[in-house]
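First the structure, in the form of structure tokens, and then the observations on it.
The values are calculated or read from the model by the stated rules, or taken from the named source; none is laboratory data. All values reported here derive from a predicted model rather than from experimental measurement. A quick note on method: Cβ atoms are made from the backbone with ideal geometry, for glycine too, and the neighbour counts reach across all protein chains shown. We work out accessible area using only protein heavy atoms, side chains counted, and drop any ligands, DNA or RNA first. Shrake-Rupley method; radii C 1.70, N 1.55, O 1.52, S 1.80 Å.
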Amino acid sequence: MKLHHLVATGILAIAAAGAGYYGYSRFLHPPLVTTGIASVAPVSEAVYGTGTVEPERWAKVVPLQRRRLVELCRCEGQVVRAGQVLGRQDDAEERSALDQMEINRGQLERDLARAEKDRDKNDAARTEYEQRWTKLEEAKSRIAAQKVHLDSLLLRAPLDGMVLRRDGEVGEIAGPTDVLFWVGPPAPMQVVAEVNEEEINRIASGQKAFLRSEAFPGRALRANVSQITPKGDPTRKTFRVYLRLPQDTPLRIGMSVEVNIIFREKQAAIVVPAEAVTGDSVQIIDDGRIRRVPIKVGIRGSRNTEIIGDVSKGDPVLSPARTDLADGARIRIDNSLTRAVEPAAVSEPTDQPGVTPEAAVVASVTTAPSDPDDAVISAAMTAHIDSVVNDARRNIISNSR
């Protein structure tokens, strides 16, 4: 009897201890969580690509034949006219042959002049005159063809403009695969970008874009879509997109740039840290307790995410979300880690192997500039864009293999 009494007493003690611990942990010492603050920020979604700065009109100068170079102008940066000679290939053999043809033509002209005096004497003289005339005409045709051949050994400017670049040196052998000059008006300029075929339907003429160049780190560079090539490259699975640059762009011809073409944007959206979103809800803090709020996800990034629902600016949200805590659970907030959406942060799509970051999310909680475009572009050119670029580079490298 005493044994049963002791066992019952022990069970009650254990239950009391458990209840006490539960009460202590739940009410007197609830779990510690970290939070983020929902903020209002401009957000945008963009298609990523890479491109090169080029003049809108330009042409390459290549030799038509493989010959040694005997003349090349020192004319980089100089203005030239269409047809102006920029260089010459070795034409000594052709000139020697032309000299022989000229000598032969002179002899034929003299023979024709003699035959012309006698052509009315008889039929034989008339026939001789016609034969000599025919030979002279053939000689003239050969001379004209030889002059065209000689002219093909001259390297001429294909259009009015500036010599943008010169390659090759006198004495080298160059052929049709060697570009010796780039000629064209230096302005206006454009970016010729390659965009993944899965994203091309999101792009349209007139869309604005921001560019990133390693030559101008942190600087907002603008462009606008001017044209999309109708036919894509089935091998590389890309489409060519042309972006017009403003007159005051600091970019220079030949620079490579990373392009983000903005196809969707909002000047003011509710954004929270991406880790605060779990499924279709977020957990906000209401009077020291967790309250689950259903939301719709808008423009999504790995760092910041737009949410649509009953969440307002300044609402604290669990970040990261705590799916192990029930709705209504009491919690303690670690105020040392509470943070808002970081200013001027750029979020990219979820990092997945083999997925290109075509869509980038731009978010900022700083005061918006007077120009709405600046709010998007200045935000996009700051922290975290490198992750977008690096992922794209890795994807491009893997595709090239």
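Only residues that are among the β-branched types (Val, Ile, Thr), open to solvent by less than 20 Å² (accessible area, probe 1.4 Å) and farther than 15 Å from residue 34 by Cα were counted across region 282-324, and they come to 6. Here region 180-191 is the region considered, the condition is being surrounded by 16 or more Cβ atoms within 10 Å (Cβ to Cβ) and of a type in the set (A, V, I, L, M, F, W, C), and the residue that is nearest to residue 258 (Cα to Cα) is 191.
Which members of region 266-281 meet the condition of being within 27 Å of residue 50 (Cα to Cα) and crowded, with 19+ Cβ neighbours inside 10 Å? Matches in region 266-281: 274 only.
The set of residues in region 24-34 that are modelled with pLDDT of 80 or more and open to solvent by 50 Å² or more (accessible area, probe 1.4 Å) contains only 32.
Checked against (1) open to solvent by 80 Å² or more (accessible area, probe 1.4 Å); (2) more than 39 Å from the chain's Cα centre (by Cα), residue 64 passes all but a single condition, namely (2).
In this structure, does residue 222 turn out to be touching a Pro at 6+ places or on another chain (Cβ under 8 Å), farther than 30 Å from residue 97 by Cβ and of a type outside the set (Phe, Trp, Tyr)? Criteria met by residue 222.
For region 299-311, the criterion of being out of contact with any Pro (no Cβ under 9 Å at 6 or more places or on another chain), outside any strand (DSSP E or B) and modelled with pLDDT of 85 or more is satisfied by at least one residue. Looking only at region 158-172, filter to residues that are more than 20 Å from residue 188 (Cβ to Cβ), charged (D, E, K, R) and in contact (Cβ under 8 Å) with a residue 40 or more places away in the chain; which one of those is surrounded by the fewest Cβ atoms within 10 Å (Cβ to Cβ)? Only one residue fits best here, namely 169.
Here residue 227 clears all of (1) in contact (Cβ under 8 Å) with a residue 24 or more places away in the chain; (2) on the phi < 0 side of the Ramachandran plot except the condition numbered (1). Just one of the listed residues (37, 14) is surrounded by 12 or more Cβ atoms within 10 Å (Cβ to Cβ) and modelled with pLDDT under 90, namely 37. Figure legend. Inter-residue proximity from region 301-321: first residues more than 17 Å from residue 288 (Cα to Cα), second residues among the charged types (D, E, K, R) and outside any loop (DSSP other than H, G, I, E, B), beta-carbon distance below 6 Å, spacing 6+ or different chains. Indicated pairs: 308/296.
Among the residues of region 137-157, are any open to solvent by 80 Å² or more (accessible area, probe 1.4 Å), in contact with a strand residue (DSSP E or B) (Cβ under 7 Å, 6 or more places away or on another chain) and in contact (Cβ under 8 Å) with a residue 24 or more places away in the chain? Yes, some residue in region 137-157 is open to solvent by 80 Å² or more (accessible area, probe 1.4 Å), in contact with a strand residue (DSSP E or B) (Cβ under 7 Å, 6 or more places away or on another chain) and in contact (Cβ under 8 Å) with a residue 24 or more places away in the chain.
In region 83-130, the qualifying residues are those that are surrounded by 12 or more Cβ atoms within 10 Å (Cβ to Cβ) and in a loop (DSSP other than H, G, I, E, B), and the one that is nearest to the chain's Cα centre (by Cα) is 84.
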